[in-house]
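Enquirer: Attaching a single structure in structure tokens format; questions to follow.
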Amino acid sequence: MKDASAFFAIISGHVQGVGFRYFCRHKAQHFGVSGWVRNTEEGKVEVLAEGPPARLNPFLKWLHEGPPHAKVESVEYEIRNPEGRYKTFFISD
């Protein structure tokens with residue numbers, strides 16, 4: 001993926017049971033990024049996203065807000081090298 005970047009994020013707060021993963025997939029598709037989202041056993045949400053920085057940045061900004069019924073308390077993220085193996089954005093187990 002030319003001119004691509006990636007990030008891995010952990011979102012904390014009231015982020016499970018509010019449709020976060022489904023809204024996240026919708027937003028990722030809207031922004032045109034690939035990767036995945038999943039719940040953790042600790043009550044957090046993890047996201048791996050890849051794409052051009054111009055698409056990743058607004059998606060990362062949205063993660064700080066989340067869907068209407070979520071209460072995002074923190075988003076910890078790290079920039080990574082893109083693997084280029086994801087063609088879509090999906091909800092992972």
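The values are calculated or read from the model by the stated rules, or taken from the named source; none is laboratory data. Owing to the predicted nature of the structure, the values given are computational and were not obtained by experimental measurement. Cβ placement follows ideal geometry from the backbone for every residue including glycine, while neighbour counts extend to all protein chains displayed.
Enquirer: Of the residues 43, 51, 17, which single one is at positive phi, touching a Gly at 6+ places or on another chain (Cβ under 8 Å) and not polar (S, T, N, Q)? I'd like the intermediate steps shown before the answer.
Expert: Values: 43 fails: touching a Gly at 6+ places or on another chain (Cβ under 8 Å); 17 fails: touching a Gly at 6+ places or on another chain (Cβ under 8 Å).
After applying the criteria, what remains is 51.
Enquirer: Also: How many residues does segment 75-93 contain that are within 21 Å of residue 43 (Cβ to Cβ) and exposed (fewer than 12 other Cβ atoms within 10 Å of the Cβ)?
Expert: Number satisfying all stated conditions: 3.
Enquirer: If you don't mind, another one. Quick test for you: out of 9, 28, pick the one residue that is under 10 Å from the mean Cα position of the chain (by Cα), within 19 Å of residue 92 (Cβ to Cβ), part of a strand (DSSP E or B) and modelled with pLDDT of 95 or more. Spell out how you get there, then give the answer.
Expert: Working: 28 fails: part of a strand (DSSP E or B).
From the options 9, 28, the qualifying one is 9.
Enquirer: Can you name the number of the only condition in (1) in contact (Cβ under 8 Å) with a residue 12 or more places away in the chain; (2) assigned to a helix (DSSP H, G or I) that residue 83 fails?
Expert: With respect to (1) in contact (Cβ under 8 Å) with a residue 12 or more places away in the chain; (2) assigned to a helix (DSSP H, G or I), residue 83 is out only on (2).
Enquirer: Do we find that residue 12 is surrounded by 20 or more Cβ atoms within 10 Å (Cβ to Cβ) and of a type in the set (Ser, Thr, Tyr) in this structure? Break it down stepwise before answering.
Expert: Details: surrounded by 20 or more Cβ atoms within 10 Å (Cβ to Cβ): no; of a type in the set (Ser, Thr, Tyr): yes.
In short, no.
Every residue, every condition in (1) buried (at least 16 other Cβ atoms within 10 Å of the Cβ); (2) of a type in the set (Val, Ile, Thr); (3) more than 13 Å from the chain's Cα centre (by Cα); (4) modelled with pLDDT under 95, yes or no:
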{"position": "39", "(1), (2), (3), (4)": "yes, no, no, no"}
{"position": "45", "(1), (2), (3), (4)": "yes, yes, no, no"}
{"position": "50", "(1), (2), (3), (4)": "yes, no, no, no"}
{"position": "56", "(1), (2), (3), (4)": "yes, no, no, no"}
{"position": "73", "(1), (2), (3), (4)": "no, no, yes, no"}
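Enquirer: Follow-up question, since we're still on this one. Would you be able to tell me the number of residues in segment 19-37 that are crowded, with 17+ Cβ neighbours inside 10 Å and out of contact with any strand residue (DSSP E or B) (no Cβ under 6 Å at 6 or more places or on another chain)? Break it down stepwise before answering.
Expert: Initially, segment 19-37 is screened for residues crowded, with 17+ Cβ neighbours inside 10 Å, giving 20-21, 23-25, 27-28, 31, 33-37.
Next, from what is left, pick out any that are out of contact with any strand residue (DSSP E or B) (no Cβ under 6 Å at 6 or more places or on another chain): 23, 27, 31.
Here the count works out to 3.
Enquirer: Tell me which residues, restricted to segment 3-23, are free of Cβ contacts under 8 Å to residues at least 60 places away in the same chain and of a type outside the set (Val, Ile, Thr). Walk me through it before giving the result.
Expert: Step one: of segment 3-23, the residues free of Cβ contacts under 8 Å to residues at least 60 places away in the same chain are 3, 14-20, 23.
Within segment 3-23, 3, 14, 16, 17, 19, 20, 23 meet the criteria.
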